[in-house]
Each structure stands twice: as structure tokens, then as C-alpha cells.
Amino acid sequence: STTMVELGGVPHFVGASETHDQTSFLFSPPSWERTVLWDRHSGVMYMVQVPGSDRILSITDFYPIFKSADANIYELKKQGAYTEPWSARKVLSVPYVHRIGVVKGADKHYLLCCALCESKEFQDDWSKPGSLFIAPIGSDDEAPLPMEKIYPGLTKNHGLCIVNESMAY
């Protein structure tokens, strides 16, 4: 998984693996120097920056092929300079979470979590559909996010598209 994040007004890139025991990196311009974000914690399907902050939310523990009952959302936060390792803490457990995104509400940002299914007995078992969940994003020192199911019954829920009103068409 790769994503762009803006840190100190400068675009950076983040790269993380879905395979076991890999290291995730932050790449900083102009030399694209590589910094360890976190080590030996992977299964990353998607990452997103919390707008207006130096926090990154990441799906972890989603391993091929659909060995994802223990998938989580972790928050990564810089400790000092961007070139130092970041802290990581689990904020949610969401079995089979495959995509996440952040939307802005009237008073705060919200995390959307898309789960492929509720559970699986075998790889091609789609008998227990997934759901779309939402959780308010608080300050960076708050307890794990309270999550609410807002759209159940989504079979093979692989995608998520958030359109920014300011996007040019």
C-alpha cells in the first residue's frame, strides 16, 4: 500500500506491505530519504492521513488470502522529526476491514471503515456480508474510537471512493 501525506506543508510518501513481518517507510523529498514508520507490523491494505495533522491511520493485520479476522486500524504519530521512528497504537479492531477513508462532518472528521465480510469459513465464503462503519476521530490522545455500523449487508465490499467537493472535474 502506498499513499501521499502532507507533513509540514510538504508532500511525502508512505509505503507498507501486506505480507508478514515487513517494515513500513516514509519517503521524504527532495532526496526521498527513507525513514522507518514502524517495523515488523504489516498486513497493510490502506493508509490515510487525518487532515490537518501529522497522524496516519492504517489498516494492519489483513493478510492474503483473506486471513483477516484479526484486522485492525492503527494510528501512527510522529514522535519528533519526521526522520525518527513513529509511535503506533491500535485504535480499532475491525475484522476483514479492507478500505478506510476520512470525511469531514460539521464539527469533526470521521473514519469510514469498509469490511469485506463479517466472517469466513473458507476463502470463497461470502455468506456473511460486510458492512460500512463510521467512527468520530478525536484528538490524538483519546481512547480507541467508538464505531457504529451504518450500512450492513455489503457483499464483497472491496471499494471506497470519497469525493472532495473542491476536486476539479
On a straight-distance basis, which lysines could pair with Lys77 in a cross-link, Cα separation under 26 angstrom, same-chain partners fewer than 8 positions away excluded? Lys90, Lys104, Lys108
Square roots of 5 times each gyration tensor eigenvalue, C-alpha, the chain, largest first, Å: 26, 20, 15
Please give the FRET efficiency for Ser127 paired with Val10, using the beta carbon to beta carbon distance and R0 = 45 Å, rounded to the nearest 0.05. 0.45
Using the heavy atoms of the protein chains alone and a 1.4 angstrom probe, what is the accessible area of the chain per residue in square angstrom? 54
Would you pull out the residues with amide H under 5 Å of Val102's amide H, same chain only if 5 or more places away, H placed 1.01 Å from N? Leu112
For the stretch 45-98: Kirkwood Rh in Å [reciprocal of mean 1/r, alpha carbons]: 11.8
Roll a 1.4 angstrom probe over the protein heavy atoms and tell me the percent of accessible area of the stretch 9-139 that is carbon or sulfur. 53
What percent does the relative contact order of the chain come to when contacts are Cα pairs within less than 8 Å and at least six residues apart? 14
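The values are calculated or read from the model by the stated rules, or taken from the named source; none is laboratory data. In this text the structure is predicted, and so the values were computed from the model without any measurement. Note that we place each Cβ from the backbone using ideal geometry, even for glycine, and neighbour counts take in every protein chain shown. SASA here: full protein model, heavy atoms, side chains in, ligands and nucleic acids out. Shrake-Rupley method; radii C 1.70, N 1.55, O 1.52, S 1.80 Å.
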